[in-house]
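Visitor: I am attaching a structure below and will ask some questions about it afterwards.
The values are calculated or read from the model by the stated rules, or taken from the named source; none is laboratory data. All values derive from a computational prediction rather than experimental measurement. Because the Cβ atoms are built from the backbone with ideal geometry, glycine has one as well, and the counts that use them run over all protein chains shown. Surface areas here come from the heavy atoms of the whole protein model, side chains and all, with no ligands, DNA or RNA. Shrake-Rupley method; radii C 1.70, N 1.55, O 1.52, S 1.80 Å.
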Amino acid sequence: MTSSRQEQDIVIRIIKNFKDVNLPPLKIKKMAKAICSRFGRHEPADSKYEISIAIVNDNEIRKLNKEFLNSKAATDCLSFDLSGDEKGLKIFDLVVNGEMAVRQANLRGHSSEAELALYITHGLLHNLGFDDSAENQARKMHETEDEILQEFGYGMVYNKDIESKEH
């Protein structure tokens, strides 16, 4: 992924409230910066990004899901675009479920780091204008997620099951 934006214009903070998953911060930050650089195309070229990524457990994400989306279920990712009226400043908060990532990774046969990278990628793409509410949009979004994850060494994560059935 080539970067058209200045990397110093993209600030990323990672808060780890769930410790049972390995997540190399530098690799995740590099991936998040590349996603914003590539897909923030609707933003002015001099846009700045402030991104917070919180890694939490089932209970914590369930509370947030109830508060913001009126759902009692644990979910994989919540993404919030907190950007205000200030031109050129994008503020994104992502909350990703580390506990769910461990479970899903064990079920699907890849690392919990790869599963968590999928959740982060998914949340960022939502904040950058991707939508998965219609089947064709969801397919495009998930293909883009896998493309990004492959570029960063995670391999196919979302469509892994589909790929293995084709071979």
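Visitor: Please find, within the stretch 128-152, the residue that is farthest from Lys27 (Cα to Cα) out of those that are within 15 Å of the chain's Cα centre (by Cα) and open to solvent by 80 Å² or more (accessible area, probe 1.4 Å). So that I can check it myself, show each step before the final result.
Guide: Restricting attention to the stretch 128-152, the residues satisfying the condition of being within 15 Å of the chain's Cα centre (by Cα) are 128-132, 138, 141-152.
If we keep only those that are open to solvent by 80 Å² or more (accessible area, probe 1.4 Å) as well, we get 143, 150-151.
Working: Glu143: 21, Gln150: 13, Glu151: 12 Å.
The selected residue is Glu143.
Visitor: Which residue pairs have Cβ atoms closer than 6 Å, lie 6 or more positions apart in sequence or on different chains, and pair a first residue in the stretch 122-140 that is part of a loop (DSSP other than H, G, I, E, B) with a second residue that is open to solvent by less than 40 Å² (accessible area, probe 1.4 Å)?
Guide: Listed by first residue and then by second, the contacts come to Leu128/Phe39; Leu128/Gly40; Phe130/Met141; Asp132/Ala138; Asp132/Met141.
Visitor: Continuing with the same structure: Do you know which of the residues in the stretch 63-97 that are in contact with a Ser or Thr (Cβ under 6 Å, 6 or more places away or on another chain) and in a strand (DSSP E or B) is nearest to Lys19 (Cα to Cα)? Spell out the reasoning first.
Guide: Going through the stretch 63-97, the residues in contact with a Ser or Thr (Cβ under 6 Å, 6 or more places away or on another chain) turn out to be 65, 88, 90-91, 93-94.
Next, only the ones that are in a strand (DSSP E or B) stay: 90-91, 93-94.
Numbers: Lys90: 28, Ile91: 25, Asp93: 19, Leu94: 17 Å.
So the residue we want is Leu94.
Visitor: Additional query: Among (1) modelled with pLDDT of 95 or more; (2) closer than 23 Å to Asp9 by Cβ, where does Arg62 come up short?
Guide: The failed condition is (2).
Visitor: Another question, if that's okay. Go through the stretch 101-112 and give me each residue that's touching a residue at least 24 places away in the same chain (Cβ under 8 Å) and surrounded by fewer than 17 Cβ atoms within 10 Å (Cβ to Cβ). Don't jump to the end; show me each part of the working.
Guide: Going through the stretch 101-112, the residues touching a residue at least 24 places away in the same chain (Cβ under 8 Å) turn out to be 101-102, 104, 108-112.
If the condition is that a residue be touching a residue at least 24 places away in the same chain (Cβ under 8 Å) and surrounded by fewer than 17 Cβ atoms within 10 Å (Cβ to Cβ), then Arg108, Gly109 are the ones that fit.
Visitor: Still on this structure, please answer the following. It is to be established whether one or more residues within the stretch 55-63 are open to solvent by 40 Å² or more (accessible area, probe 1.4 Å), farther than 25 Å from Phe152 by Cα, acidic (Asp, Glu) and free of Cβ contacts under 8 Å to residues at least 60 places away in the same chain.
Guide: So far as the stretch 55-63 goes, yes, one or more of its residues are open to solvent by 40 Å² or more (accessible area, probe 1.4 Å), farther than 25 Å from Phe152 by Cα, acidic (Asp, Glu) and free of Cβ contacts under 8 Å to residues at least 60 places away in the same chain.
Visitor: Also, I was wondering about something else. Whether any residue in the stretch 26-40 is modelled with pLDDT under 95, closer than 22 Å to Gly153 by Cα, loosely packed, with under 14 Cβ neighbours inside 10 Å and out of contact with any strand residue (DSSP E or B) (no Cβ under 8 Å at 6 or more places or on another chain) is what I want to check.
Guide: yes
Visitor: Just to be sure before I move on: is Lys72 out of contact with any helix residue (DSSP H, G or I) (no Cβ under 7 Å at 6 or more places or on another chain) and either surrounded by fewer than 18 Cβ atoms within 10 Å (Cβ to Cβ) or over 21 Å from Ile35 (Cβ atoms) (or both) in the structure I sent?
Guide: Details: out of contact with any helix residue (DSSP H, G or I) (no Cβ under 7 Å at 6 or more places or on another chain): no; either surrounded by fewer than 18 Cβ atoms within 10 Å (Cβ to Cβ) or over 21 Å from Ile35 (Cβ atoms) (or both): yes.
No: the conditions fail for Lys72.
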